[in-house]
1. Using +1 on the beta carbon of Lys and Arg, -1 on that of Asp and Glu, and nothing else charged, what's the dipole of the stretch 67-158 about the Cα centre, debye to 20?
2. Once Rh is set to the Kirkwood radius over Cα pairs, what Stokes-Einstein translational diffusion coefficient, in µm²/s, holds for the stretch 61-122 at a temperature of 25 °C and a viscosity of 0.890 mPa s?
3. Calculate the spin-label point distance for Leu245 paired with Glu218, positioning each point 7 Å from the Cα along the beta-carbon direction, and give it in nanometres.
4. Quick one: go through the stretch 134-150 and flag any residue whose amide nitrogen is under 15 Å from the point 7 Å out along the Cα-to-Cβ line of Ala255.
5. If the only charges are +1 at each Lys and Arg Cβ and -1 at each Asp and Glu Cβ, what is the size of the charge dipole of the chain around the Cα centre, to the nearest 20 debye?
6. What is the Cα radius of gyration of the stretch 114-189 over 2.2 N^0.38 Å, N being its residue count?
7. Per the 1.4 Å probe, what fraction of the accessible area of the stretch 26-112, in percent, lies on carbon and sulfur atoms?
8. Pairs of alpha-carbon atoms within less than 8 angstrom and 6+ residues apart define the contacts here; what relative contact order does the stretch 129-199 have, in percent?
Amino acid sequence: MSWDDYFAEDAGADEAEARGKPRTVTVGWTVRWPGNGDAIWAPPKTFSRSDAKAASAKSIQACPAAIDFDRRHFVVPCPVDLTLKFEKNAQGKIQLVDADGEQSAMRPQGRANLFIVQPPNEWRDPNRPIVQFTAPYVFVADQPCYVVQTAPYLHWFPTPRPGVQMGGRFPIHIWPRPLAWAFEWYDISQPLVLKRGEPWFYVSFETENPSARVRLVEQEMTEELESYVNSITDVSNYVNKTYGLFSEAQRMRPAKLVKPKG
């Protein structure tokens, strides 16, 4: 019996499927990035480990709960090499700068397109700046499905990041908007070091059937999806509590949005 079958039987997936809750949910992913430079955004990858073969049948490598937990995570790689730090300007105020200076892999225009420091009145704490990066990944499903964005906590970093990534969760069958990567900087005396290809964040998915397997496919940016994403993107600039718009968005939604590429 495979692990998928083990968990499906354990969770009563046959009964769930009989109630119209499928065993597999297809989720499309695409990148919605204005202008050029799409190639910096790598495909999400299924989380995997390079552990040695288990020496014991009771080893953690053989634990079905651990295996199922791991395989439900997808890794989004960091798109750039960048070291940021805070320093005081001539007026004594802190400002965010590229610590690599003239040796930086990024030009100022690239940095301006990629991230901003949120206004201080939007921080959760006056001593913890929040930096928000563009992360233009769009996930979409035609069945009820939530995306969950978290820090890459299954990976070990020799030098920990000097703060906390802010997570998020929303329904991608109703609200397939581009993601963002928000970082709350706790220790501004330490730099934030990002390396291209390293784990940037994870996404996982919640479906009606808890044992369902998610099939992640590259999505074609169809006219229907483009129009629908346009209708919901940046609405937070105009209203608060965007969850209150879900019912209206669902009313406008085309019946089918997922279309795998190729």
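1. 240 debye
2. On the way: Rh = 15.3 Å.
For these conditions, the coefficient is 160 µm²/s.
3. My value for the distance between the label points is 3.0 nm.
4. Hits in the stretch 134-150 for Ala255 at 15 Å: 142-143.
5. Roughly 320 debye, rounded to the nearest 20.
6. The stretch 114-189 yields a ratio of 1.26.
7. 52 percent
8. On the way: 105 pairs, mean separation 31.7, N = 71.
Once divided by the residue count of the stretch 129-199, the mean separation gives 45 percent.
The values are calculated or read from the model by the stated rules, or taken from the named source; none is laboratory data. Note that the structure is a prediction, hence the values are computed from the model and not measured. With ideal geometry, Cβ positions are generated from the backbone for all residues, glycine too; neighbour counts draw on all protein chains shown. For accessibility, only protein heavy atoms count, side chains too; no ligands or nucleic acids. Shrake-Rupley method; radii C 1.70, N 1.55, O 1.52, S 1.80 Å.
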